[in-house]
Structure formats: C-alpha cells, structure tokens
1. Out of 267, 262, report the one residue that is under 23 Å from residue 375 (Cβ atoms), among the small types (Gly, Ala, Ser) and within 12 Å of the ligand (Cβ to nearest atom).
2. Of the residues 212, 204, which single one is small (Gly, Ala, Ser) and surrounded by fewer than 22 Cβ atoms within 10 Å (Cβ to Cβ)?
3. If you take the residues of the range 28-70 that are on the phi > 0 side of the Ramachandran plot and open to solvent by 10 Å² or more (accessible area, probe 1.4 Å), which of them is nearest to the chain's Cα centre (by Cα)?
4. Just name the residue that is most open to solvent (accessible area, probe 1.4 Å) out of those in the range 271-285 that are among the hydroxyl-bearing types (Ser, Thr, Tyr) and within 8 Å of the ligand (Cβ to nearest atom).
5. Does any residue in the range 460-471 that is surrounded by 12 or more Cβ atoms within 10 Å (Cβ to Cβ) come within less than 6 Å, Cβ to Cβ, of a residue that is among the hydrophobic types (A, V, I, L, M, F, W, C) and part of a loop (DSSP other than H, G, I, E, B) six or more places away or on a different chain, and which pairs are these?
6. Within the range 496-513, work out how many residues are in a loop (DSSP other than H, G, I, E, B) and more than 15 Å from residue 482 (Cα to Cα).
7. Right, residue 317: under 22 Å from the mean Cα position of the chain (by Cα), over 15 Å from residue 143 (Cβ atoms) and touching a residue at least 24 places away in the same chain (Cβ under 8 Å) or not?
Amino acid sequence: AYPEAIAMRCQKHTLTYEELDVRSNQMANALAKAGVVMGKKVALYLNRDENMLPALLAVQKLGATYVPLDPSYPVSRIQYIIGDAGAEVVVCNANNRNVFQEMENTSVVDLETCDVSNQPVTFELPASFDAAVPVYMIYTSGSTGNPKGVRIPQHALLNFLTAMKGRLTLGPDDALLAVTSLAFYISGLELYLPLLSGACVVVAGETEVKSANKLAGLIDEHRITIMQGTPSLWQMLKETDWRPNEKFTVLCGGEALPVNLAQWFNAITGNAWNMYGPTETTIWSSMAKINNTDHVHIGTPIGNTQMFILDEHLMPLPVGHVGELYIGGDGLAMDYHNRSELTKEKFIQWQYKGHACKLFKTGDLARFNSDGSIVCLGRNDGQVKIQGYRIELGEVESKMMNLPEVDHAVVVVPQQDGPKAMVAYLKMKEELPLDVLRSRLNLHLPAYMIPGKFILVESFPLTPNGKVDRKALGNLQQGKQLTGEGYVAPRTEREQLMARLWEQVLDVEKVGINDNF
Ligand code: AMP
C-alpha cells in the first residue's frame, strides 16, 4: 500500500517496502542461480545486518525452507545441523565463509560476493507453493544427545501472524525493535509481524543486543513502540534507568515470568503481555495481558489453537487440577525431522467423546483458572530454561559422557533466588583440570549449555527404585568442586574486590584472576 514507507532499519541502512521487495528479489535470483529451488533446505548463517531480512524473504519467495544457524554455535554443532537437515546450500557473509570450507556436499553463497546488486530486480513467484514444504526448520536441544529439527509448515506461521495481527494493533506508525537470534524461533514475530502491518522493523546489531544501554538508546532513537524479549532480556533493561512511554507494548515470553518483572511492567506501561509457547506449536500459543501480578498466568489460546490439561490417562482435568498441558490446532509443527519415534511420542493422536485430533505434549505442568486462563507450573521432565535458552539436561549430560575421562554425569538446576544455573555432578575415570574440561565441552556445546559449576563425586545418591536422585544431589556433602588449575589468587586490593564481587554474584567459591566469566 505504501511502497515508499520505511520497512526496515539496521545501523545506517534503511529500506523502504519497495526497496526491501527489490533487494529480496535480487537475492532470490542470486540463490536461484546457486541452485535453490522450491523444497530445498537453505541454511542461514547470517550476521545481524541489513542483509538478514532480505535473505529470509528471498528463501521464502523461492518456496524453500530456511534452517537458521546461530554464529555463536561451535562448528561441530553447525555441521551436525547442516548434515541432519540435509541443507545443500548455506547462505553466509564473507567474513564467516571459512566455517564451511570443509563441507563437501554443501554449496556456500556469501552475500557480499554473489553480486546481488547486479541481479534482476523482479522475481517471478512460483505459481503455487507446496504446502508440504516447511517454511523453516529450527533446531532445539535434544534429550538424547543431539539437537532435533522442528519442521514448521507455512500455514502455521501464517496462522500465527494473522492471530497476532488481530491481538496487537500494529500500524504504519509503529516500529518494532528486533533483538532475537534467528535461530530462536520467536524472531519470526519480530521480523514478519511489522511487515504485515505496514510498520517498521529495526534490526538491532550483534553488539547492541548484548547491551541494555545500547538497546535503550535504540528504543529512544528509533521511537520504538513495541519490543519482544525473554524475561532475562527485560530484566537486563529493568536494571538500567530506561523507561518507556506508556503506550509502549512489552511482549515477554519464552520462560516463566517472575512476579517482580510483572510488577515492573505494570509500573511502566499499561500494555504488557505474557507470551507462552513451545517451538513445536509455532512461536506463541497463548498470551495474557499482565495486570494482576498476584496471579501470573499465560492467558488463553490464540486464534485456531486449543489447549487441554490432561491427566496421565489423557482425560481432561477440571478447573484447578494440575495436569500436563497439550496443544492442538493450526500452529502444530509437521514433525521432528527424521525422528519418527520422537514425533509419535510428542505429537499424539487424541480421542475424546468422539472427537479426534493431533496434540503436542508440551511437558509443562499446568492448571486452569475458573475464567479459562491457564497457569504454568513448571516442567515434568529434564527440560530447563537458562537465560531464555531451552536446554535438555540429557543433551548436556550425554556430551559430557562422550569424553573418555567421564564415567557418569548428572546435571541439575538447583532452586535458588536470582539467575538459575546448571551444576554438573561428575564421576570421573580420570580427573581433568577445569579449563581443559570446559574447552573440550566448548567444542560441542554452545556457551549457554555449559554448566557453571562442576562437582566431582564418588557415587550418586539413588532413589528407592535405583535411579539417580536428582533432588538429593543438591544436598550432597561429599562432592569436591572442580577449580581451574591455573588458579592465581587476587593480589591487589582491587583484584580482591573484583574477585569477591564475582564470587557473590555467581555464587562460586574461589575466583582467581585468570577465571573467565
Ligand atoms: P521453547 O520452545 O524454547 O520456547 O521452550 C518452550 C518452553 O518454554 C515451554 O514449554 C515452557 O516450558 C517454557 N515457556 C515459554 N514461555 C513461557 C511462559 N510465558 N511462561 C512459562 N513458561 C514458558
């Protein structure tokens, strides 16, 4: 409707809707030359710069599936994902091309040298899109040792965005600040919802998303009216002196909303939402306006989505009774790519009183309030959230047990005030210095999946039926904490002060001057 309106801003770059269309057409032409056709999987390993959004649109114009990769992942994880997804093309920037040097079956398109600007400015969209081709495939932590790909159909994304358009009134005067990594599926809201509303999306760069002060600066500079983030991200902003105007919309989701944060939202804006949803049901499945902070809940399902709370026999539970949350409707993923067993286990066929449908088993414990809103009460499995990242403890344990020196590993997240962190209990065949252990794990796990503390034990406490008693591990007296071999005690008064501060903040015992936060 308004080709000259601003669609995207990123650092010094600005694209109008028309320019964004042209740029993505040119990229689609460049990708077509590199062999991308409908149905192909295209891995995206992109910097947060002005090319990111046009590249995403280009893949979609071709009717291909994008597989986003986070450049902070270790190379072995990137390679695993590309191989598992069967991505034949990787799109990257010139500065990170070397990551893919040794990958023989993958062709690499780097956006700086593929001559995008000289491609035709029009692109012929396919006459029809194949509904069986997923729009994207996102990898999330897998409990048995490797990440798994969740395949999202195009209609699920469309349903989600249409539902959001109905619930959040965005228009041409709005600007959304996009801060989420492409590899975290909630970025779909940030990048596409403004474009469907005639609003502007401002893409925050790599360094900006890590700094609350820089984000606050961007919000003011670009007159941002809406931003989405995890509770951890909002907590970061809360600690600055940034305050929004009262029309500002806060979308907060991805993990449980702490009461103190809900209270802060209420104090700064009348327009804050608690968003809930797993990757497997396409971004958010329910949302709640945050107003009564004594009773934080996740609200009611969005359009064409159903939520049920069932007992272990899959019978619906009455109001107030705690059971497992199941989600059905148009947001459901197609499956876990190439994992038919796991797909069958998590996407169940449910029958009740002559009604049959497919439901996703979330693993979340929940209960209904009498007004139909839902309260989330934590997990009933080994999935945790640390700083907004979804982690299967089983995956971390399995990567540790792949090390020849480790006999057995159990990872827990102790209940504590303040930020949650993983603690690994290890029975070793041979002791390793902490820095060696960490750097070995770094080869296989992203930084957020590496536990903060490592404790050596001789044996594990067991439950009566012989399983490791995870709850009792926290009270274990016999363990010895692994500390770095290169420990150098703080020498000056200033170093001592710093070391003491880190010990308190991270709740660890001995911080040396060489320790790496
Ligand atoms: P992910 O697929 O990474 O978003 O992880 C989904 C899980 O995060 C859900 O199954 C919940 O356990 C948790 N989660 C997401 N949003 C919320 C929320 N608003 N409140 C409580 N838990 C949440």
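The values are calculated or read from the model by the stated rules, or taken from the named source; none is laboratory data. Worth saying up front: this structure is predicted, and the values here are computed from it rather than measured. Please note: Cβ atoms are built from the backbone with ideal geometry, for glycine as well, and neighbour counts cover all protein chains shown. These area figures cover heavy atoms from the full protein model, side chains too; ligands, DNA and RNA do not enter into them. Shrake-Rupley method; radii C 1.70, N 1.55, O 1.52, S 1.80 Å.
1. Numbers: 267 fails: within 12 Å of the ligand (Cβ to nearest atom).
Every option except 262 fails the conditions.
2. On the way: 204 fails: surrounded by fewer than 22 Cβ atoms within 10 Å (Cβ to Cβ).
The unique qualifying residue is 212.
3. Filtering the range 28-70 down to residues on the phi > 0 side of the Ramachandran plot leaves 35, 39, 63.
Retained after the next criterion (residues that are open to solvent by 10 Å² or more (accessible area, probe 1.4 Å)): 35, 39.
Details: 35: 29, 39: 24 Å.
Among residues in the range 28-70 that are on the phi > 0 side of the Ramachandran plot and open to solvent by 10 Å² or more (accessible area, probe 1.4 Å), the one nearest to the chain's Cα centre (by Cα) is 39.
4. 276
5. Every condition considered, the pairs that remain are 468/460.
6. Just the residues of the range 496-513 that are in a loop (DSSP other than H, G, I, E, B), to begin with: 507-513.
Among the residues that remain, those that are also more than 15 Å from residue 482 (Cα to Cα) are: 513.
Looking only at that region, the number is 1.
7. Working: under 22 Å from the mean Cα position of the chain (by Cα): no; over 15 Å from residue 143 (Cβ atoms): yes; touching a residue at least 24 places away in the same chain (Cβ under 8 Å): yes.
No.
Residue by residue, here is whether (1) without any contact (Cβ under 8 Å) to a residue 12 or more places away in the chain; (2) loosely packed, with under 11 Cβ neighbours inside 10 Å holds:
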| position | (1), (2) |
| --- | --- |
| 417 | yes, yes |
| 447 | no, no |
| 458 | no, yes |
| 480 | no, no |
| 483 | no, no |
| 488 | no, no |
| 495 | no, no |
